[in-house]
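Worksheet: one structure, shown below.
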Amino acid sequence: MVRFWMFLFAALITSLTAGDALENWVARQKQAPALKHAQWSLFAAYVDDGRVILERNAGEALAPASGFKLFTSALALSALGTDFRFTTELGYRGNIDGNGVLRGELILTGGGDPTLGSTRIDGNPGLDSLMILLSAAVEKAGITSVSGDLVADLSLFPEQRTPGGWNWMDLGNYYGAGAGALNINDNLYRLYFEPGRPGEKARVAGTDPPVPGLTFINHMKTGARGSGDQGYIYAAPGQWQATLRGSIPAGGRFTIKGTLPDPALFALQRVKKALAEKGIPVTGTLRKSHRAVPANTRPVLRLTSPPLGEIVTVIHRRSFNLYAEAAGKMAARALGFEAGSAGFDKALHQFLEERHIDTEALTAADACGLSATNAITTRMMVELLKSLPSEKWFDLYYNTLSVAGDSKRGGFFKKWGRGTLLAGNARIKSGLIKGVRSHSGYVTGRSGRLIAFSFIANHYNGSLRAVDRIHQALLLRLAQEH
């Protein structure tokens, strides 16, 4: 690995030949095998005065993949503020008799919190700790049993939690988990395999957590040692029989992550189980309601998420789709739009147009960038990035981006630009779906001036590494020459 990075650094330095004009260098890269037949758009400008320093096909509408999250996080911070917290409430309707029997319903009201039961943010209670909190609160309220239903109030967001344009290959895998009013455990489960010999079927060894009712049609094969995760879970939202295809490497037990078929129902199942373990039976049914529960609910426990600023850190550095989708929906709702994909699209158009950014090429099919039908221009991206330094939340936005060459803050870029002007300098958000690679963000040039940049390649050929190498070299030239 060290030899690879030494070779890459040498290649970068060789590419920066004195007198090689940037536009000529870019033109030659376009003829490289990876980009020869691709749509490739580049744009960069100084943040302080807006002067353009790089432009190629900057008006083409292209899919940015997860680079789209830069729009979503800016919209959410503007609409909600850095200290905004999602809330989840547990309460009841009815009366508690002298024996502690709740003659009524126990209600879990979803507030769209994507962090509920998630350990992605330090200090946030995970699934088991969450269940202890909920069951202890019911016990403290003096309830010894529940004669009515256990209800999930899902009225905050529309019923369709997953955007309609997502790829079938993505839906059953953890990164294809949509955001609903009630999310839990990152809306995922871990699926364990016991691999066989290469070419043999890999045996399903169970899930964590257990998901009642979930079954599998297993076509997963064992690949060669070191072949990596090539496995996929095919299942639509609400589908309880998932099909497993692809391969996982030979060796020890191997894990991939899937999407919970119904996160709200799973949450109710876990709450009922936790209450039973406390000796508090629920004799009614588990029920979901997409209509708001009447306002006479009596509170038992109110849970709050970490602040939005910490959620944005995960969106920027780990590119977690669920968090972006929830933040986008809540931002749309706060601005008076429906908390779904169509409402998010309208909210984002409004947000950009208020900043006098041309949205003619904008298509927002989701909030996270997973849809291949999302479209922006690199000019639009840079115009957004240039407009943000005046915002009171800009420092958080800027400092939660991945930092090139930084082992702690680097995210996917901790090895980028080591030994060059990029290290500890460039702030980058990447995007990757099939045939799409993007890099956007900020870099401070040798002159000390801040530059906003956006590079997007669609329909590239060959390896992802080849596109990354070109984009890294291009970003280094911007930093060195400006």
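Just so it is clear, none of the values below were taken in a lab; they were calculated from the coordinates. Since this is a predicted model, take the numbers as computed values, not measurements. Reconstructed Cβ throughout: ideal geometry from the backbone, glycine too, with neighbour counts over all protein chains shown.
Odds and ends about this structure:
- The angle separating the long axis of helix 308-317 from the principal Cα axis of greatest extent in the chain is about 50 degrees.
- Relative to the longest principal axis of the Cα atoms of the chain, the long axis of helix 2-15 lies at roughly 40 degrees.
- Among 408-416, 247-255, sorting by the average number of other beta carbon atoms lying within 10 angstrom of each residue, highest first, gives 408-416, 247-255.
- Considering only the chain, percent of DSSP beta bridges that pair antiparallel, nearest 5: 75 percent
- Shown here for region 162-247: trypsin sites (Lys or Arg not before Pro) in loop regions (DSSP other than H, G, I, E, B) with at most 14 other Cβ atoms within 10 Å, namely Arg225.
- Rounded D (µm²/s) - region 344-441, Kirkwood Rh over Cα pairs, Stokes-Einstein at 10 °C, 1.306 mPa s: 107 µm²/s
- Extended-chain gain in nm, criterion 0.36 nm per residue less alpha-carbon gap, Glu360 and Ser407: 13.0 nm
- Antiparallel bridge percentage (DSSP; both residues within region 86-306; nearest 5): 65 percent
- The slack between Gln480 and Lys392, meaning 0.36 nm per residue of separation minus the straight C-alpha distance, is 28.7 nm.
- Using alpha-carbon coordinates, inclination of helix 464-481 to the longest axis of the chain, degrees: 60 degrees
- Share of alpha-carbon pairs per 5 Å distance bin for region 86-306, given as whole %: 1, 7, 14, 17, 16, 14, 11, 8, 6, 3, 2, 1, 0
- In the chain, one over the average inverse separation of all distinct C-alpha pairs is 24.1 Å, which is the Kirkwood hydrodynamic radius.
- For region 393-413 versus region 151-170, the gap between their alpha-carbon centres in whole angstrom: 30 Å
- Loop-resident trypsin sites (Lys or Arg not before Pro) (DSSP state other than H, G, I, E or B) in region 348-406 with no more than 12 further Cβ atoms inside 10 Å of their Cβ: Lys392.
- Our helix-only sum for the chain, with -39,500 (n - 2.57) per DSSP H run of n ≥ 4 divided by its residues, gives a mean residue ellipticity at 222 nm of -9000 deg cm²/dmol.
- Relative exposure of Glu481, Glu310, Glu325, Glu200, judged by other C-beta atoms within 10 Å (fewest first): Glu200, Glu481, Glu310, Glu325
- Length gained on full extension, Arg446 to Glu277: 54.6 nm, using 0.36 nm per residue less the C-alpha separation.
- Between region 259-319 and region 77-124, the alpha-carbon center distance in angstrom: 6 Å
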